[in-house]
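Engineer: A single structure is presented below for examination.
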Amino acid sequence: MNVVAPAAPLIELTDVRRRYGGGDQPEVEVLRGVSLSIHAGEFVAIVGASGSGKSTLMNLLGCLDRPTSGRYRFNGEDVAGFDADQLAWLRREAFGFVFQGYHLIAAESARENVEVPAIYAGLSRQDRAERATALLARLGLADKLENRPSQLSGGQQQRVSIARALMNGGRIILADEPTGALDTKSGTEVMALLNELADAGHTIVLITHDREVAAQARRVIEIRDGQIVADSGRREAGGQAQPAAVPSVHAAAGEGGVRRALWAELAEAARSAWRGMRMNRARTGLTLLGIVIGVASVIVMMGVGEGAKQRVVDQMGAMGTTIMYLGGAHVGSGGPPGEITDGDLEAIAALPEIGYVMPVIGDPTPVRQGNVERQVYVFAASEDMPAVHHWKVAQGRYYTEAEDRDLAALVVLGHKAHQQFFPDTPNPLGRILLIGNAPFEVVGVMAERGADSGAQNYDDMVFIPYQAGRARVYRVQTQPDYTVISAASVEQVQAAEKAMHALLLARHGREDFRIGNAAAKLQAEAQTRNTMTMMLGLIAAVSLVVGGIGVMNVMLMTVRERTREIGIRIATGARQRDILRQFLTEAVLVTLVGGLAGLAIGLAVGAVLIASGVPVIFSLTAMGGAFACSVATGLVFGYMPARRAAGLDPVVALASE
Ligand code: ADP
Ligand code: MG
C-alpha cells in the first residue's frame, strides 16, 4: 500500500491532452496541455466559456474518459495503470457526479435514484433505503422520496442528484454546471449546499461558465481553448472539517471490490428488469408471445406425438409385437387359391425363428341357447388364443391342448356373448350352447376386451377348439381361414417372415400364399410416429428460436432507449459486468416469464385435447426441455444486446438523448 505524504495532491494532472477525431475525421485537440493539482478538501471552480473544454476535463477527472496523452495521478497513483474495474471502483467510492442535466433515471423514484451507487457498492437493500432517505431528508426532500424525476422541479432534481453523489461518501464531488439549468433561487440553494459540503470536508470541483458562480468557490481556475490561463491558487484549509481520506484503490478494488452476494445482485437486476417489463407492457407482451407460443407448441406437439406413438404401442401390446398372418392366395395365372396344409404348419412350427402357430377358422354361425338364437362369429383356434391376443380368461378356464387334440366339444364365451346367451346366469360354466347343431359345454368366459381396434368385436364371439371346430362345425373346410404365427422374439420378426416365406416357396413351388406381417407394420408405424414427433418438436423448437430473435430485437431496442441510463449507472460506479448482468437478467426474465406462461398454456391446450379425445401424453422431459430452452434462449439472444450495453462509452452514453 502506498504511503502518501500529506502534502501530496489528491488529483494531479500533468500536461494532459485530449484529442478527438483522427483517422478520416478532422482531429481536434480539446485539452491542450493541462497541468493542475487539487488537494483534498479544496473547493475549486473551473470557469471558462462554452466550448473551452470544461466538460472534457471533468470527464477525465472523473475517470469516465482517458487522456490522449499526459499523466493523471490520483492519490499519487497513475490512473493510466488502472483497469476497468479499478476505474469503476474510483467512480463508485471516490467520486460523485452532479450534472447540468441532472441525469436521473426517469423510471425510478427519487429514493431509488439516490440508491443506485450503493447498489454497486454492495450495500444491503435496507441500509440503502435508510441512507438514501436520510440524505434526501437532509437536502429537504423528505416528502418527495417516491416521486419520479418528472414529478420534481429542476432544483429538486438537482438536489436528488447531489444526494446521489453523496450516497457512497462523495469524497470528491464533480459538478458540471450544476446551476446551469436552474432559476436563480434554486441555483443559490444548490451553491449553498455545495459550500456546506465543502465545509464538511468534501473536495469539490465545480465547473461553470458563470464567473459569479465561480466566485463562490475558494479557488478559481480559468480555462480557455483547452488551456489553463489563470489559477487563483490554493487557499489553506477553508473548511473546519478534516478532509475525508480517500482509500487506496488497491485496498479494495484490487481484490475485486466489495464482495456482494450474487443472489442479492440478481434480485436487484430482476427487480429493475421487472419494472422495465411492467412499464412497457404491450411490448413485453408481444415479445413474450413468441416464447409462449414456442414453449406451448413444443409441449403440445411433443405430447400429441407421444400420445400417437403410445396408441401404436398399445396396439402392439394388444395384438402382439411378433404376430404374422398366413393364408392361401390366388396366383396370377388363375385357378384355385393355394392351400396351407397341416404339413405346412408343422414344418413352419419347426423353424427356430417361429414361436407358436395357431390356425384359425372363424365364420358367423347360428348359435342357440334355450330360445335365444343368434348369428355369432365362432372362432375355432388352438389353446394358444389367449396368449396370442394377450387376453385373459375372467371366469372358468380355457381349453387345453389335449382337449383340442381329443376333439372336445368345449366353448369359451366372449364377455358380451355371455350376456346375450345367459343374461340371468352369472355363472354359465357347465351350461350347453348349440353351435351349428352340435352341443358345446361352456368352460370359461373371457375378460372384457372393450372397443378394440379392428372391425370385429371380440367380445361378441365364442371360442372353440380348432379340431372340434373342424369336426363338428366347419366340416366342409379343408384348411384354416388363416393362421396366426408368432416370431420367437420381437427382434426376429423379419427373419421369421423370411424363413417362413422360403420354406413355403420350397414346399409349394410357387407363391400361392400370403404373409401379412402385422408386427413389422406396427413397428414401421411406431417408427413413423417417432419421426413425426421429432419433426413436430423441431418445428416447435424453430418457433422458440424465432421467439428468441424477438427477445434480442427488443433487448437491442431497450439498450438503445436506455443508453443514457447505462451512462448514469457507469458514472455512478457500475462495472461492465454489472451492466452485462443486468441486461442479461432482463432478457432471461422475459423468457422465463414466457416459458412459464407457455408451460401453462401448453398444459391447458393439452388438457382440452385430452378432453376431446385426442391422446396426449405430457412428457416431463419435453416440458423441462422446452422451459430450459426458453431460458437458454434468453441467455443466448440476450447476450449480444447486453454486451453492447456493457461496452458503451459512458461519455457518449451520457450525452445521448
Ligand atoms: P465545455 O464543457 O467547456 O462547453 P466541452 O468540453 O464539452 O466544452 O467541449 C469542448 C470542445 O470539444 C467543443 O468544441 C466540442 O465541440 C469538442 N468536443 C467535445 N466532445 C467531442 C467529441 N466526442 N468529438 C469531437 N469534438 C468534441
Ligand atoms: Mg460543458
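Engineer: List the strands (runs of 3 or more DSSP E) that sit entirely inside segment 1-111 and contain at least 2 residues that are within 16 Å of ligand 1 (Cβ to nearest atom) and either under 42 Å from the mean Cα position of the chain (by Cα) or not assigned by TED's automatic domain parsing to the domain that holds Leu194 (or both). Spell out how you get there, then give the answer.
Structural biologist: On the way: elements: 11-22, 25-38, 43-47, 69-74, 95-98.
Ranges flagged: 95-98.
Engineer: Just to be sure I understand, how many residues within segment 191-218 are farther than 20 Å from Phe74 by Cβ and either within 16 Å of ligand 2 (Cβ to nearest atom) or more than 51 Å from the chain's Cα centre (by Cα) (or both)?
Structural biologist: Final tally of qualifying residues: 17.
Engineer: Can we say Gly238 is of a type outside the set (S, T, N, Q) and modelled with pLDDT of 80 or more? Even if it seems obvious, please write down each step before you answer.
Structural biologist: Working: of a type outside the set (S, T, N, Q): yes; modelled with pLDDT of 80 or more: no.
Answer is no for this residue.
Engineer: Could you please find all residues in segment 507-527 being touching a helix residue (DSSP H, G or I) at 6+ places or on another chain (Cβ under 9 Å) and either surrounded by fewer than 15 Cβ atoms within 10 Å (Cβ to Cβ) or of a type in the set (A, V, I, L, M) (or both)? Show your work before the answer.
Structural biologist: Quick first cut of segment 507-527, residues touching a helix residue (DSSP H, G or I) at 6+ places or on another chain (Cβ under 9 Å) only: 507-508, 511-513, 515, 517-520, 522-523, 525-526.
Once the filter is applied, which keeps residues that are touching a helix residue (DSSP H, G or I) at 6+ places or on another chain (Cβ under 9 Å) and either surrounded by fewer than 15 Cβ atoms within 10 Å (Cβ to Cβ) or of a type in the set (A, V, I, L, M) (or both), segment 507-527 yields Arg507, Glu511, Ile515, Ala518, Ala519, Ala520, Leu522, Ala526.
Engineer: Need at least 1 residues that are over 20 Å from Arg368 (Cα atoms) and of a type outside the set (Gly, Ala, Ser) per element, so show me which strands (runs of 3 or more DSSP E) inside segment 380-438 make the cut, counting only ones lying wholly within it.
Structural biologist: Details: elements: 393-396, 410-413, 432-435.
Hits in segment 380-438: 393-396.
Engineer: Let me ask another. With the condition being touching a Gly at 6+ places or on another chain (Cβ under 8 Å) and surrounded by fewer than 23 Cβ atoms within 10 Å (Cβ to Cβ), I'd like the strands (runs of 3 or more DSSP E) fully within segment 145-232 carrying at least 3 qualifying residues.
Structural biologist: Values: elements: 172-176, 203-208, 219-224, 227-231.
Fully inside segment 145-232 and qualifying: 219-224.
One line per residue, one yes/no per condition, for (1) under 25 Å from Gly276 (Cβ atoms); (2) in contact (Cβ under 8 Å) with a residue 12 or more places away in the chain:
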position	(1), (2)
Ala519	no, yes
Gln527	no, no
Gly547	yes, yes
Val554	yes, yes
Ile570	yes, yes
Gln582	yes, yes
Thr585	yes, yes
Ile601	yes, yes
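Rundown of residues vs (1) out of contact with any Asp or Glu (no Cβ under 9 Å at 6 or more places or on another chain); (2) part of a loop (DSSP other than H, G, I, E, B); (3) surrounded by 19 or more Cβ atoms within 10 Å (Cβ to Cβ); (4) outside the structural domain of Ala632 (by TED's automatic domain parsing), yes/no style:
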residue	(1), (2), (3), (4)
Leu536	yes, no, yes, no
Ile539	yes, no, no, no
Gly550	yes, no, yes, no
Asn553	yes, no, no, no
Gly567	no, no, yes, no
Gly573	no, yes, yes, no
Phe583	yes, no, yes, no
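Engineer: Restricting attention to segment 563-585, does a residue exist that is farther than 30 Å from Gly338 by Cβ, at pLDDT below 85 and in contact with a helix residue (DSSP H, G or I) (Cβ under 6 Å, 6 or more places away or on another chain)? Don't jump to the end; show me each part of the working.
Structural biologist: Here is the first cut: in segment 563-585, the residues farther than 30 Å from Gly338 by Cβ are 563-585.
After this cut, where a residue has to be at pLDDT below 85 as well, the list is none.
No, that holds for no residue.
Engineer: Just give me the residues in segment 162-189 being within 16 Å of ligand 2 (Cβ to nearest atom) and among the small types (Gly, Ala, Ser), in sequence order.
Structural biologist: Of segment 162-189, the ones within 16 Å of ligand 2 (Cβ to nearest atom) are 174-182.
Listed by number, the residues that qualify are Ala175, Gly180, Ala181.
Engineer: Before we move on, is Thr133 more than 16 Å from ligand 1 (Cβ to nearest atom), in a helix (DSSP H, G or I) and buried (at least 16 other Cβ atoms within 10 Å of the Cβ)? Give the derivation first.
Structural biologist: Numbers: more than 16 Å from ligand 1 (Cβ to nearest atom): yes; in a helix (DSSP H, G or I): yes; buried (at least 16 other Cβ atoms within 10 Å of the Cβ): yes.
Here the answer is yes, as Thr133 does meet what is asked.
A quick yes/no check of all residues on (1) modelled with pLDDT under 90; (2) of a type in the set (Ser, Thr, Tyr); (3) crowded, with 17+ Cβ neighbours inside 10 Å:
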residue: Gly332; (1), (2), (3): yes, no, no
residue: Asp342; (1), (2), (3): yes, no, no
residue: Tyr377; (1), (2), (3): no, yes, yes
residue: His389; (1), (2), (3): yes, no, yes
residue: Val393; (1), (2), (3): no, no, no
residue: Tyr398; (1), (2), (3): no, yes, yes
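Engineer: May I ask you to list pairs of residues, at least six apart or on different chains, whose Cβ atoms are under 9 Å apart, with the first in segment 486-514 being free of Cβ contacts under 8 Å to residues at least 40 places away in the same chain and the second being crowded, with 17+ Cβ neighbours inside 10 Å and of a type in the set (Val, Ile, Thr)?
Structural biologist: As it stands, the answer is His501/Ile515, since those pairs meet every condition given.
The values are calculated or read from the model by the stated rules, or taken from the named source; none is laboratory data. These figures come from a predicted structure and were not determined experimentally. Positions of Cβ are generated from backbone atoms using ideal geometry, with glycine treated the same way; all protein chains shown enter the neighbour counts.
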